[in-house]
Each structure stands twice: as C-alpha cells, then as structure tokens.
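Please read the structure below before turning to the comments.
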Protein chains: 2
Amino acid sequence: MEFLNLTEIFPTTVKPSYRLFVVDFNRIRSPMTVVLWLIVACILKFGYTLQPKAFKKLPESCFLILVGLIIGGILRSLNAHDVMPLSPLMFFFFLLPPVIFDAGYYMPNRLFFDHLGTILLYAVVGTIFNAFALSISLWGIGYTGIYGTFIPFLDLFLFSALISAVDPVAVLGVFDELKVDKVLYILVFGESLLNDAVSVVLYNVTQALIQIGSENITGNDILIGVAAFFVVAAGGTAIGVIFGYFGGIATRYTKRIEIIEPVVVFLVAYLADMTAELFYMSSILSVTFCGITMKNYSLLNMSESSCLTVKKTVKALSNLTETLIFILLGVSTVNDTQEWNTSFIGLTILLCTVYRTVGVFILTAIANPLRLHKLTVKDQIVMSWGGLRGAVAFALVYMINSGSINNQPLFASATISVVFFTVFVQGCTMKPLLLALKIPIGVDEEASLSERLHVKFQDHLVAGMELISGSTGKPTQRLRYKAMDRQYIRPLLLGQAHSLDPKTVESIQLNGFAS
Amino acid sequence: MEFLNLTEIFPTTVKPSYRLFVVDFNRIRSPMTVVLWLIVACILKFGYTLQPKAFKKLPESCFLILVGLIIGGILRSLNAHDVMPLSPLMFFFFLLPPVIFDAGYYMPNRLFFDHLGTILLYAVVGTIFNAFALSISLWGIGYTGIYGTFIPFLDLFLFSALISAVDPVAVLGVFDELKVDKVLYILVFGESLLNDAVSVVLYNVTQALIQIGSENITGNDILIGVAAFFVVAAGGTAIGVIFGYFGGIATRYTKRIEIIEPVVVFLVAYLADMTAELFYMSSILSVTFCGITMKNYSLLNMSESSCLTVKKTVKALSNLTETLIFILLGVSTVNDTQEWNTSFIGLTILLCTVYRTVGVFILTAIANPLRLHKLTVKDQIVMSWGGLRGAVAFALVYMINSGSINNQPLFASATISVVFFTVFVQGCTMKPLLLALKIPIGVDEEASLSERLHVKFQDHLVAGMELISGSTGKPTQRLRYKAMDRQYIRPLLLGQAHSLDPKTVESIQLNGFAS
C-alpha cells in the first residue's frame, strides 16, 4: 500500500557521454502529471467563464464532466491510460479533504446546529432506508430473471449502500452555483456530509459479511455492524473535535511564529483526516468537525491577515480539487471497462429517484411536527431532486474487490449511470424546477442590517446575562460567547471599550459572529 | 525513477471478519510521514522562540540542525531509518523550490539588477576558481600520501565542484536573521542563487568525464563542458523568464476565476521548475527568474487579497521547507554511513575558507573600479566569511554514484564537515564579526520617507519623460514603467487621476515600486 515512497534514495541518472541537450521525462513524471492536471483544471475553469451566455444553462459540474469525457477519449485513443491519477485512495486522501475542510471550516455553525436533528434524520435513517429499500427491490425483481444473471443479495446491498449516499461534492457543485435558500442548502449539504459514517459502515460491514459468506452470518455479525456504525460515527466526530480543539489551542501560541501560522490550520486538519483513516473511522466526519470546532478559536486567535490567507487558500484548494474531481470523473468513465445491463441500470436509476423522494417525504412528516421552521411540499420536492450522487460512490465502487464480487463491472457502470443521471438530468433541471416552484434563487448570503443588528443585540444580551449569572446556554453558543467574552465583552463591562480598536471589533464581528 | 505512483489502483484492504477497532498505519504511511515532519518543523520553530534569551545567540539554523541530530540519534537507536524522507530528489523537487521561488518573487529587483555584474562575477568566476583551486590543491597535497589513499583528480574535482558553491538556504538562514546591510546581502545571496548553473554543469560534466575515463578525454569533451555551462545557464534562465511572462499574462485574465487566482502563480512557478528539470537545465535559475519576471505583472494584475495570499503562502511554505531542510540535514547526518579521514577533511575545511577569501578579494579588486558603490575591506571580510555551504552540496554528494566513485563515503563526510563548519562556526560568529567590524545589523528594510519620495519622484519623472519621448531606459526598469504607465501614469496624464482610488495607488506603490 506504499504509494509515495519517501525513503527511496534515487539512483542518479548517469549520462555516460555528456550530452548538451537531454530530455528525461521519467524523472519528473509524477509531480509534472499532478501539476499538468491542476493546470488543466484552471484552464477549464477559465474556459467555463468564456462560454456564450446561452450555454451557461449547463452547470459547471456538467461542463467539467463533459470535457473530462473528451479528454478521456483522446487519452484512450492515444493509449495513454497511465496519466490518469484518480485512484480511489488518491481521491480520498488528497482530492476530497480540501472540499470537506472548506465545508467544515466555513460552515455556518448556528444554522447547522439549529437544523442538526433534521439533518441527522436524513443522513442516518434516510440513507439506511434507501440502501435497504433499493437492495430489497433489486433483489426481489431479480427473481423475475430480468437481469439475465443472478446477483446475490449481499452484493446488491453493497452496491445499494454506496449508491444511496448523497454526495457532498456533487451537491456543492449544483447548490453553490444557484445560491438556493440557506435552510434547504444546509439540510441537503449537511446530510451529504453526515451520511459518510453510514456509507462507510454499510460498505465495510457488507464487504466483511461477503467474505464470511452469507450462510455463516450470525445475529452477532449484525449486532457488530450496528455497533460499528456508532464507533465509526462517534470515533470520526471525536477525532475531529479533539484535533479541532487542539488546533484552536495551538493558534493561541502561533503569534510567535506568525509567518507559518496559516500552515498550522491545514496541518491539524489533515492530521485529523489521516488519524480517522488510520482507525478506519469516518474521515469526512472528522475533517468536518475539526473545521467546525477549530474555527471558533482560530478565527479569533490568528491575525487578520492569517485568517484571510487561510480563507483564500482553503477556497482556492477546495475549488480546484472539486473541479479536478469532476474532470477526472469524466476521464475515468472513458478509461475503465464496464459491463452494460439496460434493465438493471434502468431500474437502479428509477428506484434511486423514487426511494429518495419517498424517504424525504416520510422523514419530513416525522421531523416537521418537531421543527419551528416547517418544510413545505415545495421544499421536499427540491430536497428529493437535489439528492445528487457523485465521486464518493464512484471511488467506492472501484474499491470493491472484483476478485470476490463478480458483478463489480456491472456495479461500476450502474454507479456511473446513476451519478451521470443525477448530475446531468437532476443538476441541469434544478434551476428550472426552482423557478417553476417559485423558490427564490440567487439569495445573497449577507443578512440584512436589521437582521444582523437584532442577532447581535440578542447575542450581547445573552452573553452579558450569562456572564453575570455565571451559567451558560447551548453548548454550541457557549463557545462563541466565551471567546466573545474574553476578547470583546469583558473589556466592555470593565469600561475598557476604548482599548478596543474599532477595526478589531468589526473584524471579530464579521469573522466570528456573522454566521 | 517513478516515486510517486499515481496510476496504481490500490487493492482494497479487505477485513475478513469485521473488527470494530482496526489500526492500519501502512495505508496512510506516506502522507502521515510528511505531515508529521511538517508538524515537527512547526514545533521546533515554536520551540526556538521559547529559548531563554541567553541561548538566542545560536542562529535558528544551528538550533534546528542540533535538534535534527538528536532526532536522528533517537530514530537510529529505534532502528527507524525508514522515516527519513530526505532523498536528494525529494530535496530538489519539493523542499528547495519554495525557498528559491520566495527569493525570486520577492527579490528587490532594482537592487539585484544594479549589482548583477558583480554578483555574476562571484557566482561564475568565483565558483569556478574555488572548484579548480580546491581540487588542484587537494590533488597536489595527495601526492605526499597524507590521505593514506589515492584519490583520482576527477573524483576530487567532482567533490570540489559540489562543495565550492555557496548555498542559498544556508545564507538565507544566517543573513535573514541578522538583517545585515542590503548590498552585502544581495551580493552573497545573489551569488548563491546564480552559481547553481556552475555547480550543476561542473558536477554533471565531471560525472560524465569520469564515465568516459580520464585517459579518453579529448579537447572536445572540455569544449562541450564549456558549452554546457552556457546551455544550462541560458536555458534555465530562459525557461524561467518565459514561464514568468506567461504567468504574468495569465494573471491578466484570472479575475474571472479569482477564487483560484493565487494557485496560478504557484502552478506556473512549479511548471518552470519541472520544465528545467526535464531538460537538465538549472532549475534554481529557472525558478528565480520566473519569480523575478512574473511579479512585475502579477502584483499589479491580481487583486490585493490574492497578492497578500500569495505572499503569506510563499513566506509560510519557504519558511517551513527551509526549517525542514535544516532539521533533515541533522537527521540525515546521523542516519548515513560515512568514512572519516582527518587530514583530508581538515585540509578541505581549511582550503575552502582560504580560497573563498582569496577569491572574494581578487574578484572585488577586479569589480571595484567598475562599481559606483565600492566594496570596503570590511565588506569583503563579511562576504568571505558569509560564504556558507549547505543542503544543496549535501544532496549532490548523495547523488554521486558510489558504484563508479569509490570515495563517495569520504566525500560525504567531508561535505557534512564543511557544511557544519560553515553553518556552526561561521554562522555563529557572524554576528560578533559584524559587531567587531562595526557593520550595522538589524537594518530595517523600510526606506526612509525622504528616500522613498526621492526614488518615486525620479521614477515618475523618468516614466513621464519616456512616455513623451517614446523611448525607454534600462530593460529592467522599462517593465516597471510600462506597468506603471498603464495603470497609473496614463490616467494621470489623461486627467483621470480622480478615477484612481487612493488606496489602489498606495497599494500599487507599496507592491510594485517600493523595492
């Protein structure tokens, strides 16, 4: 599994007779490949902005996949398969973390925690429901012989597990561009982040069960599977929170080494990711919660220019890797061999869409009575149609051991089909759907002055009351108030308000509390 | 030579029976190793700031090497050699480029080009003189039998070539901290950057000559060696300048993709590095000149926040990799086997110091009559004593093919000794020397208001005259005036001064012209 061998001392390329002009591509092959793919990503991102306005109806993600397909076709015709860098581990280790960290670090905490219950319902119960409903249906229909081949239930369940999870990168790609209502956005995007534990566990446990053999499975194995979910979810979250706190504390002391301050944030986040991977916990949960936790402190501790650097770097990296994920999705599709089966693939696409809608409507019926902000039927339609699948499913299907699961090529083509269907058909029709439903798009995230004033007034009031009474409210808000208290309210109460530079106060407000 | 295999699809780690708690370090070994070393670098950088003031006399580079030695010792006793990531290619491909790009991109262009003649004299003639003087002396003394072993002349010349070049990272490490007079700094640091072509060529040509065998060398081979110098130097510079222009042009259009704007600068710079490596040209020259050229445009084209992001990221990366280079220098020293030879090593250190001084004094005698700003004897002492050797020599000595050159282990220990002598003895005594010579240290780079006003007044005057007359002055200044003209002077002349935001004008001045 060693794929980036750091310990090797490279033999020198000795040129027996000195030549004035030498070309040695092999020596720089790997870093050059990475740089060239990144440059391709930049060029395509630029190219997208140059399109005539008439073509702009195509979301950027679709454009990138399409160009990826063309590049893949060209590479295939040149027999240059080996320049394709999207291996599953490469995806999970290098391309996905920046996108997830961006999501966590710039997560609007209040919005996220206000809707956490509903998000968890969709992410956990919804994903499990989808996986079971899809696999049982596909299995039952399989007895009609319509697929022309027998597929064991566990194999189908493995496939259903990986295809049921809504994908964070795909959701971001579509929702970010449309600037849809922020509650709808947080519900779908939050679900796509938090369902990772479910898919990891369902995927890993099912693989293990297939190894054990369906006839040897005991009730114990099922119980272990259930326990595994809690371990993977709680473990990933705990690792993220611990590293987040650690990073937050570290930024209190990085003033002494301000020049490398921004790097600390990234190192801690990546350490959280790698540690979760080390224990096979949910790395997406780990990185998300590392970001959510760390920013409460780091944004206040670090210098303003470090905060800006982190922000610009995170945004640039996540945007670039997201772009690359879509391009490579297109390229890989052409490069890999699949097995086509119209009835199986057609049924999968149909059932995925149906069960997504059924799941959303059932779960909303459960959630709505407990919610302050009720979800309308329109909201539910958007949430159903916005349940895009993407690169995570794609990477997982290529991680299936094709030796032990014969239907891997079929599952691969079915996964690609579902991903393409959701990204192209659902992604492209999202805007017309929103317009038809009269749901506002292009919503500016900036709150109105009155809203910000009121929120801030309440924050200060609560913080002041808490400070005087000595007791504190919600844990998520407590963090914020504590930091506020130290930097901001205490000086006010102690009559040192004049000691605060107005610019600092403004920046604290903008960075820490506007969310 | 493939060391970062991107094309491999990794087999899944199938766990036959599902276990709730798994630790799988191998899977994350490589990225984790990199992250952990970077974290070690951060911690040590922080640790250095915590030292009691009494210990601060030790330059940071020495502190880092010392801790590296300790870490190396611990790793050795644990038999954990394989966590050592400093292979020569790893050094040249990943650790050195950020430091060099920082040097080029934030090079004070005017100062550098004003002293370019003198810098080239030291870098080219000085390095060649040192290599020949050292090798001939070591060879001549070798006939007394003092080394106890025979070392062929070409082997000695190979060693002399790599040890004669002043090292940019070592020079930065000492001079940056002391904030020595900027002319002295640019002379030594400029030399350390521009001598790369000389060392690359001497090193490669000598290796080739050794392969050919000293008895088969013809005059033709020597001529090719001389030609190679021009190819490697001009080629590296040309690649850098071309990519620099390309990057500068690219940043004119990156406003459309502002989110990934800062990444473009880095990608272009790294592409310049890799392209130079592809053709075995001088990659240090390439990256230096890419930075020098690109910044003339990118600093004016990019948004202010992108410029700040690039600056903070470049400084953070170069600082971190510089730190890591010193630490790994210490670690590698313990980890590798060498061969000790007191007389050879003692003589090398002595002769290196002597010839450095002789070289500086001779070349200054040639340069001074042509210089406006004459170099005093004091200056020459500092330049001689500041000619530190470092990690480049270290990496080169480990790239020697020990199969064809038997004395490689001896050369390795001699290189380490010279590097340690220059970094520790010369580095630590630099400050007392400067104080004794009454050369001001801790010079603030910020020019006085009057100086800045005068320089800017002259710039504007010249630019205005050039604009009216249609002819332009020095090529290096022309660039600046052109950019100034477009963004700054033309609106002024056209009476559109009011259209310029005062903040923009200020930032243009600070970013582009303060150097």
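The values are calculated or read from the model by the stated rules, or taken from the named source; none is laboratory data. In this text, all values refer to a predicted model and were calculated from it rather than measured experimentally. Reconstructed Cβ throughout: ideal geometry from the backbone, glycine too, with neighbour counts over all protein chains shown. Only protein heavy atoms, including side chains, enter the accessible area calculation; ligands, DNA and RNA are left aside. Shrake-Rupley method; radii C 1.70, N 1.55, O 1.52, S 1.80 Å.
Observations
- Taking the listed residues A:450, A:384, A:402, the one that is within 30 Å of residue A:210 (Cβ to Cβ) and among the small types (Gly, Ala, Ser) is A:402, with no other qualifying.
- When the residues of region B:223-239 are filtered to those that are facing another protein chain (nearest Cβ under 10 Å) and farther than 19 Å from residue B:116 by Cα, the one that is surrounded by the fewest Cβ atoms within 10 Å (Cβ to Cβ) is B:227.
- Matching option when the condition is touching a residue at least 24 places away in the same chain (Cβ under 8 Å) and away from chain B (no Cβ under 14 Å), among A:209, A:202, A:193: A:193
- Selection within region A:212-222 - within 11 Å of chain B (Cβ to nearest Cβ) and among the charged types (D, E, K, R): A:221
- Those residues of region A:395-412 which are in a helix (DSSP H, G or I), open to solvent by less than 30 Å² (accessible area, probe 1.4 Å) and not polar (S, T, N, Q), in sequence order: A:395, A:396, A:397, A:399, A:410, A:411, A:412
- Of the residues making up region B:199-249, those that are polar (S, T, N, Q) and farther than 21 Å from residue B:403 by Cβ number 4.
- Checking each residue in region A:376-394 for being open to solvent by 10 Å² or more (accessible area, probe 1.4 Å), within 15 Å of residue A:181 (Cβ to Cβ) and not hydroxyl-bearing (Ser, Thr, Tyr) picks out A:377, A:378, A:379, A:380, A:381, A:385.
- Residues that are of a type outside the set (A, V, I, L, M, F, W, C) and under 20 Å from residue A:345 (Cβ atoms), drawn from region A:372-417: A:387, A:389, A:390, A:398, A:402, A:406, A:407, A:408, A:409, A:413, A:415, A:417
- Note on region A:245-263: among residues that are touching a helix residue (DSSP H, G or I) at 6+ places or on another chain (Cβ under 6 Å) and under 11 Å from residue A:302 (Cβ atoms), the one that is farthest from the other protein chains (Cβ to nearest Cβ) is A:248.
Results for (1) modelled with pLDDT of 95 or more; (2) part of a helix (DSSP H, G or I); (3) hydroxyl-bearing (Ser, Thr, Tyr); (4) closer than 23 Å to residue A:203 by Cα, shown as yes or no for each residue.
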{"residue": "A:331", "(1), (2), (3), (4)": "no, yes, no, no"}
{"residue": "A:343", "(1), (2), (3), (4)": "no, yes, yes, no"}
{"residue": "A:354", "(1), (2), (3), (4)": "yes, yes, no, yes"}
{"residue": "A:372", "(1), (2), (3), (4)": "no, no, no, no"}
{"residue": "A:388", "(1), (2), (3), (4)": "no, no, no, yes"}
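- Filter pass, residue B:20 being modelled with pLDDT of 85 or more and open to solvent by 30 Å² or more (accessible area, probe 1.4 Å): no
- For region B:280-297, filtered to residues that are within 14 Å of chain A (Cβ to nearest Cβ) and open to solvent by less than 10 Å² (accessible area, probe 1.4 Å), the residue that is nearest to residue B:174 (Cα to Cα) is B:287.
- Any hit, region A:203-215, residues being modelled with pLDDT under 95, open to solvent by less than 50 Å² (accessible area, probe 1.4 Å) and assigned to a loop (DSSP other than H, G, I, E, B): yes
- Failed item in (1) of a type in the set (Val, Ile, Thr); (2) more than 22 Å from the chain's Cα centre (by Cα); (3) open to solvent by 10 Å² or more (accessible area, probe 1.4 Å), with residue B:364 passing the rest: (3)
- Condition met for residue B:161 (of a type outside the set (Val, Ile, Thr), at pLDDT 95 or above and assigned to a helix (DSSP H, G or I)): no
- Residue check, residue A:137 polar (S, T, N, Q) and open to solvent by less than 10 Å² (accessible area, probe 1.4 Å): no
- Each residue in region B:298-333 was checked for being closer than 20 Å to residue A:39 by Cβ, open to solvent by 10 Å² or more (accessible area, probe 1.4 Å) and more than 12 Å from chain A (Cβ to nearest Cβ), and 1 of them qualify.
- Filtered residue count, region B:264-273, keeping only those that are without any contact (Cβ under 8 Å) to a residue 40 or more places away in the chain, under 30 Å from residue B:198 (Cβ atoms) and at the interface with chain A (Cβ under 7 Å from one of its Cβ atoms): 2
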